[in-house]
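All of the numbers you see were taken from the coordinates with simple rules; none came from a lab. It should be emphasised that the depicted structure is a prediction, and the values quoted were computed from it without experimental measurement. Reconstructed Cβ throughout: ideal geometry from the backbone, glycine too, with neighbour counts over all protein chains shown.
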Amino acid sequence: MLYGLTAVVLLVQLLLGGLVTFNFIGVLSHIIVGFILFALVIITLIFTFISKPAFRPIQRMTIVLFALVVIQILLGFYTLDSGSQAVAWVHFVNALAIYGLVISGTFMTRMMGKMKGPHQEAT
């Protein structure tokens, strides 16, 4: 369930990033939603490790997701500070990698939930 919510917030974040890129909106909303996304990733990371039974591929995927989001935040602020188009492109490519991980995690946790019995809940 957390991966699904993270996917929705990430989609909003990607849309806001596009709007910022083409100067339709200011950067503040993109930053705020970015930190909301970061908080969701931290919560997802915690729940992934405390949920039973442990599912190692999801745990590894969530660790990579956390690392990519930290890198994304650093790239974003560096881009704002420097105005570098090259760093902005790396920021965009990293966003696509994050999107791929979140969508994969969403489908994996949904499938994992269907394989569990009715007394167990998916992450």
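Under a Gaussian network description of the chain, with springs only between Cα atoms under 10 Å, the residue in Ala97, Ala54, Ala67 that fluctuates furthest is Ala54.
Multiplying the sequence separation of Arg110 and Phe49 by 0.36 nm and subtracting their Cα-Cα distance, what value in nm do you get? Fully extending the segment from Arg110 to Phe49 adds 20.3 nm. Counted by neighbouring Cβ atoms within 10 Å, the residues Val9, Val41 run from fewest to most as Val9, Val41. In the list (1) 11, 37, 35, 15, 2; (2) 13, 44, 26, 13, 3, 0; (3) 14, 38, 24, 11, 8, 4, 1, the label attached to P(r) over Cα pairs in 10 Å bins from 0, in percent as derived from the coordinates here is (2). Summed over qualifying helices (DSSP H, 4 residues or more, each -39500 (n - 2.57)) and divided by its residue number, the chain shows a 222 nm mean residue ellipticity of -29000 deg cm²/dmol. Computed from phi, the 3J(HN,Hα) profile of the range 57-71 under the Karplus parametrisation 6.51, -1.76, 1.60 (θ = phi - 60°) reads x, 5, 4, 5, 4, 6, 5, 5, 4, 4, 4, 5, 5, 4, 4 Hz, with x in place of Gly and Pro.
Please identify, among Thr62, Thr48, Thr21, the residue showing maximal mean-square fluctuation in a Gaussian network model of the chain using a 10 angstrom Cα cutoff. Looking only at Thr62, Thr48, Thr21, the biggest GNM fluctuation is shown by Thr21. Using a cutoff of 8 angstrom between alpha carbon atoms and counting only pairs six or more residues apart, the relative contact order for the chain works out to 33 percent.
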